[in-house]
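Visitor: Here's a structure for you.
All of the numbers you see were taken from the coordinates with simple rules; none came from a lab. Keep in mind it's a predicted model, so treat the numbers as computed, not measured. Here Cβ is always computed from backbone atoms with ideal geometry, including for glycine, and neighbour counts include all displayed protein chains.
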Amino acid sequence: MEINLSRKFGSNKKVLITGGAGFIGSAVIRKLLKDTEAKIINIDKLTYASDLTSIEKTLNALGNESKKRYSFHKIDLCDADATNKIVRQISPDIIIHLAAESHVDRSIEGPKVFLQSNIIGTFNILNAALSNYLLLSQQKKEEFIFHHVSTDEVFGSLEEDGFFNEKTAYSPRSPYSATKASSDFLVNAWFHTYGLPILITNCSNNYGPWQFPEKLIPVVINKALNNLEIPIYGDGLNIRDWLYVDDHVEALIYVICKGKIGESYCIGGNNEKTNIECVKEICSNLDRINPKSKKYENNITFIKDRLGHDKRYAIDASKIKLELGWEPKTKFSEGINLTVEWYFNNLDWVTSILNK
Ligand code: NAD
């Protein structure tokens with residue numbers, strides 16, 4: 001990484017991460033443990049989607065020094081008192097806020113918990129951050145950052161043309177994206193009204209190892225390996241812009257190190273794929289890694305479309321590229337190959353997390 005990490009993530013810095021037991025949060029923690037000396041405080045409610053195995057493995061591989069600078073606290077951000085208490089106790093230099101309910105299908109079936117965690121949870125962590133921020137010295141205030149990790153789904157759905165960018169009007173269409181949009185608005189309000197130093201990022205779909213097997217890519221790999229039908233919504237022509245999770249993590253670090261307070265940055269992979277293209281690429285990787293008598297793609301089945309299924313997401317990531325110098329490194333063919341191999345080699349983890 002062509003960036004100096006020691007200023008923001010030196011040994012004297014405390015980074016509080018919400019949702020650090022989730023897919024992206026745990027990748028952020030693994031990266032900070034490996035490449036920085038900062039103290040890392042992970043707060044997470046530990047929902048069904050969470051898992052600490054990858055962090056534990058990293059801590060064991062890195063040894064005692066890293067164990068001393070990492071701590072985990074089981075906290076639900078909907079509990080305002082517990083959230084306030086931990087933020088006051090830690091007095092972090094940086095908060096990276098990733099905690100959220102994140103699966104669109106679940107938000108359609110049961111939106112209430114999305115409103116609670118994504119809106120009230122964000123409200124509580126913002127309030128806790130602000131009341132602690134107001135107690136900081138002037139120098140600490142100048143260095144403090146509240147980084148809110150959001151999604152491109154807040155912008156709604158694109159037709160065949162055009163891209164989302166930082167100026168695109170919000171138009172969320174699922175309960176999930178509506179709650180994420182609400183949280184973005186709250187974060188902006190805490191900046192403009194109370195002066196809390198914030199950054200927001202809106203990222204496209206992530207994929208990679210350790211993702212809970214309910215999202216498209218791990219679902220497909222898991223079903224295919226178990227010789228089950230591979231379900232695809234509708235006609236399979238919905239388009240997503242896929243980003244390898246480690247590239248997202250690097251983008252978050254660039255934004256924290258070089259971003260302008262109060263601004264938002266769109267992050268994307270320049271990797272638009274229809275769902276059917278994505279699934280076929282997974283299948284052909286499996287044909288190579290674990291050949292069977294018939295091709296995996298024979299198991300593809302088209303199922304009834306998701307309600308309100310957004311047609312296309314695509315990001316114009318030129319702001320983060322031109323202003324901060326970040327661009328994605330991992331080609332889809334490379335990232336999907338790594339991901340398929342990882343799931344193939346970690347089927348025990350998939351089974352254990354699904355049975356939890
Ligand atoms: P995830 O579902 O894997 O992890 C979310 C984590 O948040 C879990 O560990 C969960 O236990 C925790 N959490 C949920 N509610 C909580 C609460 N009330 N209090 C404390 N912890 C709580 O999600 P992810 O894919 O890692 O996404 C992380 C963030 O990134 C989310 O805010 C999501 O909206 C955003 N995002 C995700 C993607 C993607 O493709 N996965 C893309 C763009 C943005």
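Visitor: Write down the Å³ per residue value for the convex hull defined by the alpha carbon atoms of the chain.
Guide: 129 Å³
Visitor: If I require 24 Å or longer along the helix axis, counting alpha carbons, and a Kyte-Doolittle average no lower than -0.5, what helices from the chain are left? Use full DSSP H segments.
Guide: 175-194
Visitor: Sticking with this one: Starting from the eigenvalues of the Cα gyration tensor, five times each then square-rooted, give me the equivalent ellipsoid semi-axes of the range 170-308, largest first, whole Å.
Guide: So the three semi-axes of the range 170-308 are 36, 18, 11 Å.
Visitor: On to the next question. In nm, to one decimal, how far is the residue 160 label point from the residue 323 one, both placed 7 Å along Cα→Cβ?
Guide: Placing both labels 7 Å beyond Cα along the Cβ direction yields 3.3 nm.
Visitor: Would you work out if the range 1-142 is rounded, prolate or oblate? Take a ≥ b ≥ c from the square roots of the eigenvalues of the alpha-carbon gyration tensor; rounded if a/c is under 1.5, else prolate when a/b is larger than b/c, oblate otherwise.
Guide: Cα axes put the range 1-142 in the oblate bin.
Visitor: Between 29, 234, 220, whose Cα lies farthest towards the positive end of the dipole of the chain when Lys and Arg beta carbons carry +1 and Asp and Glu beta carbons carry -1, centred on the Cα centre?
Guide: So the residue we want is 29.
Visitor: Report the residues of the range 41-63 in range of a label on residue 109: point 7 Å along Cα→C-beta, backbone N strictly under 17 Å from it.
Guide: 47-50
Visitor: How large is the dipole of the chain about the Cα centre if only Lys and Arg carry +1 and Asp and Glu carry -1, each at its Cβ, rounded to the nearest 20 debye?
Guide: Around 940 debye, computed over the chain.
Visitor: I need 11, 174, 284, 183 ordered by Cβ neighbour count within 10 Å, fewest first.
Guide: 11, 284, 174, 183
Visitor: For residue 57 paired with residue 355, estimate the spin-label separation in nm (one decimal), with each label point 7 Å from Cα along the Cα-to-Cβ line.
Guide: With each label placed 7 Å out from Cα toward Cβ, I get 1.8 nm.
Visitor: Show me the ranking of peptides 86-97, 329-340 by mean Cβ neighbours inside 10 Å, starting with the highest.
Guide: Highest to lowest by the protection proxy: 86-97, 329-340.
Visitor: Right, here's the next one. Specify which residue in the list 296, 55, 206 is farthest towards the positive end of the charge dipole of the chain, using unit charges on the beta carbon of Lys, Arg (+1) and Asp, Glu (-1), about the Cα centre.
Guide: Looking along the dipole axis, the top candidate is 55.
Visitor: Counting only DSSP beta bridges with both residues in the chain, tell me the antiparallel percent, nearest 5.
Guide: Roughly 10 percent of the beta bridges in the chain run antiparallel, per DSSP.
Visitor: Which order do the peptides 22-32, 129-139 come out in when sorted by mean C-beta neighbours inside 10 angstrom, highest first?
Guide: Output ranking for 22-32, 129-139: 22-32, 129-139.
Visitor: Long-range amide H contacts for residue 300: which residues qualify at under 5 Å (H placed 1.01 Å from N, peptide plane, sequence gap of 5 or more or a different chain)?
Guide: 230
Visitor: Given 257, 164, 128, which one lies farthest toward the positive end of the charge dipole of the range 116-260, if we put +1 on the Cβ of every Lys and Arg and -1 on the Cβ of every Asp and Glu?
Guide: My answer, from the dipole projection, is 128.
Visitor: Where in the range 277-301 does the amide nitrogen come within less than 14 Å of the point 7 Å from the Cα of residue 333, taken along Cα to Cβ?
Guide: Under cut-off, by backbone N: 281-282, 284-285.
Visitor: Taking R0 as 22 Å, what's the FRET efficiency between residue 235 and residue 298 from their Cβ-Cβ distance, rounded to 0.05?
Guide: Approximately 0.75, to the nearest 0.05.
Visitor: Rounding to the nearest 20 debye, state how big the charge dipole of the range 214-356 is about its Cα centre with +1 on each Lys and Arg Cβ and -1 on each Asp and Glu Cβ.
Guide: About 220 debye.
Visitor: Suppose each label sits 7 Å from its Cα in the direction of the beta carbon; what would the residue 136-residue 79 distance come out to in nanometres?
Guide: Label-label distance for residue 136 and residue 79, simple model: 2.6 nm.
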